[in-house]
């Protein structure tokens, strides 16, 4: 958070805008001189008038921590190169098609609803957008500043919840329309006939509340998150979701996952590495790596994708970043990027896809917040 600092010089009070923040284990301070103190000076009004300049000041500091970014050669994307688990096993493939945002505003009780995303035919071929991460970093700063100015965080959490739940459940095969998801979240009622899919939405709402208020990075919390998401649900084969970790091996996208007897030690290792690296590695990479490694473990018989995407967002939120959405219209590319990330010589395709999804999310929600 920021504040207005006052300093008295020879009997005259001078005011400055001050913001303190931390990133990758380091603490930083932004200081922007405003001038003589006057009774009508208001921090929010100052931030609103100077949103671009104060965001740029923070961006220049954060950008300095990305100087070891390597996106032009095969191998490491950015961050600590020694902590890329299995990096020597990853395989590089051409970057995925780019997607363009098309916003479709809807009105509702809580203001503008989250927009739908539509793909375009644009393609980036084999090139990699070197400005992608920097764009995300700047948008993250501007979103946080705008939320502080408008004080609408709770409302935006609801808007994000609508879009996230619809897309996350749709990726896993749910057919419930977006409008019914919105009705459930806003009013608690709906007209959807598939009661299992309706229950999925209610479970997802509870899971997101738990993620914000009770979740910790340990085995018990991961199990609890899974239980909340799958409570009283039926899998596609009509059977109830089993309790506990998987008892038999599962294959996802024609790829073997970690065998049952290795689930617990691999999860412990994943959590230990997160705790070790959370102040060393950039949060975006930290979140993406945790999601990919979690999907390789695939600790439960089903429900791993929904659990993994929530874990990824918990990492982002814990480090002051806005959460992200994997959009269901890109589900095929999403699964492909995970497969490539786990089977190739590097994770570049996976990172490219995930960063594009983050950018899409951030630009969309910046517009929503701006219009609120």
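The values are calculated or read from the model by the stated rules, or taken from the named source; none is laboratory data. Here the structure is a predicted model, which means the values were calculated and not measured. Cβ: placed from backbone, ideal geometry, glycine included. Neighbour counts: every protein chain shown.
Mind listing whichever residues of region 301-341 are assigned to a loop (DSSP other than H, G, I, E, B) and over 27 Å from residue 177 (Cβ atoms)? Of everything in region 301-341, those that are assigned to a loop (DSSP other than H, G, I, E, B) and over 27 Å from residue 177 (Cβ atoms) turn out to be 301, 319, 320, 321. Residues that are without any contact (Cβ under 8 Å) to a residue 12 or more places away in the chain and either assigned to a strand (DSSP E or B) or in the same structural domain as residue 144 (by TED's automatic domain parsing) (or both) within region 1-19 comprise 7, 8, 9, listed in sequence order. Residues that are part of a loop (DSSP other than H, G, I, E, B), modelled with pLDDT under 85 and surrounded by 14 or more Cβ atoms within 10 Å (Cβ to Cβ) occur in region 64-71; there is at least one. Filtering region 231-253 to residues that are in a loop (DSSP other than H, G, I, E, B) and farther than 27 Å from residue 273 by Cα leaves 231, 232, 233, 235, 236, 237, 238, 239, 241, 242.
Can you spot a residue in region 212-230 that is in contact with a strand residue (DSSP E or B) (Cβ under 9 Å, 6 or more places away or on another chain), in a helix (DSSP H, G or I), closer than 19 Å to residue 309 by Cα and assigned by TED's automatic domain parsing to the domain that holds residue 269? Yes: one or more hits. Once region 316-339 is narrowed to residues that are buried (at least 16 other Cβ atoms within 10 Å of the Cβ) and in contact with a strand residue (DSSP E or B) (Cβ under 8 Å, 6 or more places away or on another chain), the residue that is modelled with the highest pLDDT is 319. Considered as a group, the residues in region 30-63 that are part of a strand (DSSP E or B) and free of Cβ contacts under 8 Å to residues at least 24 places away in the same chain include one that is nearest to the chain's Cα centre (by Cα), and that residue is 33. Among the residues of region 342-354, not a single one is free of Cβ contacts under 8 Å to residues at least 60 places away in the same chain and either more than 21 Å from residue 271 (Cα to Cα) or in the same structural domain as residue 246 (by TED's automatic domain parsing) (or both). Inspect region 261-277 for any residue being outside any helix (DSSP H, G or I) and either crowded, with 19+ Cβ neighbours inside 10 Å or modelled with pLDDT under 95 (or both) and give the result as yes or no. No: region 261-277 contains no residue that is outside any helix (DSSP H, G or I) and either crowded, with 19+ Cβ neighbours inside 10 Å or modelled with pLDDT under 95 (or both). Residues in region 163-180 that are free of Cβ contacts under 8 Å to residues at least 60 places away in the same chain and either more than 20 Å from residue 308 (Cβ to Cβ) or out of contact with any helix residue (DSSP H, G or I) (no Cβ under 8 Å at 6 or more places or on another chain) (or both): 175, 176, 177, 179, 180. A single member of 200, 206 is surrounded by 21 or more Cβ atoms within 10 Å (Cβ to Cβ) and either within 30 Å of residue 177 (Cα to Cα) or not assigned by TED's automatic domain parsing to the domain that holds residue 173 (or both), and it is 200. Given the criteria surrounded by 23 or more Cβ atoms within 10 Å (Cβ to Cβ), under 19 Å from residue 250 (Cβ atoms) and touching a residue at least 12 places away in the same chain (Cβ under 8 Å), does residue 298 qualify? When the stated conditions are applied, residue 298 passes them. Somewhere in region 281-291, is a residue in a loop (DSSP other than H, G, I, E, B), modelled with pLDDT under 95 and either assigned by TED's automatic domain parsing to the domain that holds residue 164 or under 21 Å from the mean Cα position of the chain (by Cα) (or both)? Among the residues of region 281-291, at least one is in a loop (DSSP other than H, G, I, E, B), modelled with pLDDT under 95 and either assigned by TED's automatic domain parsing to the domain that holds residue 164 or under 21 Å from the mean Cα position of the chain (by Cα) (or both), which makes the answer yes.
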